[in-house]
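Down below is the structure, laid out as structure tokens.
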Amino acid sequence: MRSSNPVFSRRGFSRDNGYAGFNTAPQAGGAAVGTQGSPYAQPQGNPYATNPYAQQDLQQGAPPQTPVTTGRMTMDDVVMRTGTTLGILIVTAALAWALLPVDDANIGRSYGIGIGAAVIGMVLALVQSFKRTATPALIVSYAAFEGVFLGVISSIVDNRIASGAAMQAVIGTLAVFVAVLVAYKAGWIRVNRRFYGFVMAAALGFMLLMVVNLLFAAFGGGDGLGFRSGGLGILFGIIGVLLGACFLALDFKQVEDGIAYGAPREEAWLAAFGLTLTLVWIYMEFLRLVAILNSSD
């Protein structure tokens, strides 16, 4: 399956890469649940048919070999790669905040640098999204440029619109991450094909409305149709955060499936890439919400 991220479509954990997405958790004896008639199903129910070790384990009903001997992805790999990308993003954001002032004399230059970094980051993310394998250099570079953009835009909002907005957005993002993780591990969120289809449809509608609003703003001036200001802006900001939470659940499911089906260790970079994209999305929605709420006071 393709990416669960609302912004970009990465090719990690896809059918082409050899293992399935939702409703394919392995059972005793190696069979996969929900593979009959599934567009994600692999031959003979094997969601990672290209891995000879996984094929042998499934046929014999034995547990997978350890990642030490087979080079498979583990949760530690995902945590380490995600920590690396987020660490680089935070460092570059802090440097941009400190080195690119947003006072009246410098805001134009700083904002221009931030937008340029955002464009470069988007291009790098798109390139990685259309690659069949993870390229750590692309993912790390994306995190660095995205950090510059976040540092500049956060500084602008924090210093010129709502003092403390950046910290509030960080706390909100962390709260959503922890809440979704707890809900997912407790089984309160059931990630299946129906959930995936609903979230994809909602995200498509959300993105289309934002594009229409942007076009109206570009050609008509002001805030377009008003989806990013006032009461509508608050409503769409909340919807954006909820969508981000849903995509976190999809990301967790993809990581879980990748580990269960013996994905190669390099796929951990794709997991880190997807989680970073989703967390950036949630942070930006929170930052926008704080700015709207402050401006409406």
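The values are calculated or read from the model by the stated rules, or taken from the named source; none is laboratory data. Please read all numbers here as calculations on a predicted model, not as lab measurements. FYI the Cβ positions are ideal-geometry reconstructions off the backbone, even for glycines, and counts take in every protein chain you see. These area figures cover heavy atoms from the full protein model, side chains too; ligands, DNA and RNA do not enter into them. Shrake-Rupley method; radii C 1.70, N 1.55, O 1.52, S 1.80 Å.
The residue list Ala162, Ala183 contains one member that is within 30 Å of Ala105 (Cβ to Cβ), open to solvent by less than 40 Å² (accessible area, probe 1.4 Å) and of a type in the set (Gly, Ala, Ser), which is Ala162.
Condition check: over 19 Å from Val280 (Cβ atoms) and surrounded by 19 or more Cβ atoms within 10 Å (Cβ to Cβ). Does Val191 satisfy that?
Values: over 19 Å from Val280 (Cβ atoms): yes; surrounded by 19 or more Cβ atoms within 10 Å (Cβ to Cβ): yes.
Taking the combined requirement at face value, the residue satisfies it.
Looking across Val170, Val178, Val148, one residue alone is open to solvent by 70 Å² or more (accessible area, probe 1.4 Å) and either farther than 17 Å from Thr92 by Cα or part of a helix (DSSP H, G or I) (or both). It is Val178. In the stretch 229-263, the residue that is nearest to Ala169 (Cα to Cα) out of those that are open to solvent by 10 Å² or more (accessible area, probe 1.4 Å) and assigned to a loop (DSSP other than H, G, I, E, B) is Ser229. For the stretch 265-297, the set of residues classified as outside any helix (DSSP H, G or I) and touching a helix residue (DSSP H, G or I) at 6+ places or on another chain (Cβ under 9 Å) consists of Arg265, Glu266, Ser296, listed by residue number. Scan the stretch 181-218 residue by residue and report those that are touching a residue at least 40 places away in the same chain (Cβ under 8 Å), closer than 20 Å to Leu275 by Cβ and outside any helix (DSSP H, G or I). Within the stretch 181-218, Ile189, Val191 qualify.
Of the residues making up the stretch 81-116, those that are under 16 Å from Val157 (Cβ atoms), of a type in the set (A, V, I, L, M, F, W, C) and open to solvent by less than 50 Å² (accessible area, probe 1.4 Å) are Ala93, Ala96, Leu100, Val102, Ile107. Can you find a residue that is over 15 Å from the mean Cα position of the chain (by Cα), charged (D, E, K, R) and over 30 Å from Asp77 (Cβ atoms) anywhere in the stretch 250-273? No, the stretch 250-273 contains no residue that is over 15 Å from the mean Cα position of the chain (by Cα), charged (D, E, K, R) and over 30 Å from Asp77 (Cβ atoms). Annotation note: Cβ proximity below 6 Å between a residue of the stretch 241-253 that is closer than 10 Å to Ile282 by Cβ and a residue that is assigned to a helix (DSSP H, G or I) and small (Gly, Ala, Ser) (sequence gap 6+ or interchain) occurs for Leu243/Ala203.
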